[in-house]
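The values are calculated or read from the model by the stated rules, or taken from the named source; none is laboratory data. Just so we're clear, the structure is a prediction, and the values are computed from it rather than from any experiment. We place every Cβ from the backbone using ideal geometry, glycine too, and count neighbours over all the protein chains shown. The protein model used for the area step is the full one, side chains on, heavy atoms only, and it has no ligands, DNA or RNA in it. Shrake-Rupley method; radii C 1.70, N 1.55, O 1.52, S 1.80 Å.
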Amino acid sequence: MSTKASTSSTPSSAPVAHKAPLPPSSNRSSRIAPHSHIKGLGLNSEGRAITDTAAGGFVGQENAREACGIIVDLVKSRRFSGRALLLVGAPGTGKTALALAVSHELGSKVPFCPMVGSEVYSTEVKKTEVLAESFRRAIGLRIKETKEVYEGEVTEMTPSESENPLSGYGKTISHVVVGLKSVKGTKQLRLDPSIYEAMLKEKIVVGDVIYIEHSGAVKRVGRSDAYASSYDLESETYVPLPKGDVHKRKELVQDVTLGDLDAANARPQGGQDIMSVMGSLVKSGRTEVTEKLRKEVNKVVKGYVDQGVAEVVPGVVFIDEVHMLDIECFTYLNALLESPMAPTVILATNRGNALVRGTQDLIAPHGIPADLLDRCMIVKTEPYAKEQVAKVLQLRANIEGLKLAEGVLDKLATEGEKSSLRYALQLLAPASIIASINDRSEISLEDVGEMNELFLDAKTSAAMIGASENLKT
């Protein structure tokens, strides 16, 4: 690390460069995704759905959760190969949440690759290529290496400026002082500007836990759990303060996917990360991901696995609105399911008997050809009752830090039962904006009423358009 960093026992007083890029604000904004509350299927040790609380973030769908629990057991015991899970039910009944929960049950580092059936239709890429890429992105590769690193919680990021030697005016970053803290102590590092640029690229701020390799590569592990708040945000991972000294030899685990390796080899750019290193093992200069390239990547991966350096981690491919695929895609999907490294495949649809796309008169259940349907284990989702809608709404309000006045939860639950759970959930955020505009700290019935005047649910809007068309005729 001698060429990249030096350590110091006293804090640096170097000022921040006037025109240098500053570290991002420590108030990192986090996106709250619609399913950030889902952490698993919410089953007990006997595989039964826990109903008295929102276990794993799930409310209702007890039969579907228990069925998916059996699928998880089959996947873990490697007895689900060549098959797929098909979730059927009306919109807004938790099909995506179930797929995400299955992924969580399989492991926190298991790749989850969601897509919609209509994504395969593109003028640039073949339909089957889109499916193949999704499958490859859902197959992980866990690589273990022992390296010399500096690891700890960032306590300081102070860039130092100097005169720009290439011009007579202006400043440039000469080095950056980074403070790292572990359980055993703290250390200050005087780092090369290139490492500071890498830290900015990783969006590292004070309070993040990171490690810096001897090569200068920087990796953000997560946010120190000392900064954990009461809100459980999907985009943030909290980790404890690293044990031992700041400077240590550490076994590093890098998670990539076969899709990452394919892309790295198709567009080799050099570098020290694992994708670049593995990219040098196969022929370079490629401009597209071909089947031949994938076979070469598979060969290299097999070599790493045989050496005990890496392990393959099959993930989950979730194809929503699978009825949008055509007969060509379904045929290719059959072949992908037979692959020895195929991930767990979860399909979802809200159709009954429907025409198989790409055919003239082939009507099939859920718009899926019989040969693929025979491979599927089908699980049905049920519409949510009013009390279940209320539980989900309260859960999401807690996640998003929203306060609901008396009667609001019942009003929104009624809206959800009448229209859909999604519609009721969508009213939460805009209602909170209306409340803040009116200088209220909680959402009131008046705010919900204003939302109903501004926005319409699907059933109401369809009825209004239908009525206006009838008037014209």
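Annotations
- For q = 0.21, 0.22 Å⁻¹, Debye-computed log10 I/I(0) when each Cα of the stretch 100-225 counts as one equal scatterer: -1.15, -1.21
- Low-density loop positions, GluC sites (Glu not before Pro), the stretch 358-466 - DSSP coil, at most 16 other Cβ in 10 Å: 400, 406, 442
- Between residue 381 and 88, 89, the built amide H atoms are under 5 Å apart, and every one of these is 5 or more places off in sequence or on another chain.
- Peptides 91-98, 44-51 ranked from most to least packed, by the mean per-residue count of other Cβ atoms within 10 Å: 91-98, 44-51.
- Taking only the C-alpha atoms of the stretch 413-465, Rg followed by Dmax gives 11.6, 37 Å.
- Amide H to amide H distances under 5 Å link residue 139 with 258, 259, 315, where only residues 5 or more positions off or on other chains count and H is placed in the peptide plane.
- Computed in the context of the full set of protein chains, the accessible area of the stretch 301-363 at 1.4 Å probe radius has 51% of its extent on carbon or sulfur.
- Percent accessible area from carbon and sulfur atoms, the stretch 373-473, protein chains only, probe 1.4 Å: 55
- Vicinal HN-Hα couplings computed from phi for the stretch 69-85 (Karplus, 6.51 cos²θ - 1.76 cosθ + 1.60; Hz; Gly/Pro x): x, 5, 4, 4, 4, 5, 5, 5, 8, 6, 10, 10, 5, x, 10, 9, 9
- Rounded to two decimals, the Cα-based Rg/Rh of the stretch 89-163, with Kirkwood Rh, is 1.20.
- The convex hull around the C-alpha trace of the stretch 378-447, projected and averaged over every direction, spans 4.9 square nanometres.
- Anisotropy class of the stretch 349-473 from Cα gyration tensor, a/c 1.5 cut: oblate
- Hz values of 3J(HN,Hα) by residue in the stretch 144-160 - Karplus curve (6.51, -1.76, 1.60), Gly and Pro given as x: 10, 9, 9, 9, 8, 9, 10, 10, x, 7, 6, 10, 7, 9, 10, x, 10
- Burial ranking of peptide ranges 457-464, 238-245 (average Cβ count within 10 Å, highest at the top): 238-245, 457-464
- Ranked by how many other beta carbons lie within 10 Å on average, peptides 247-254, 109-116 from highest: 109-116, 247-254
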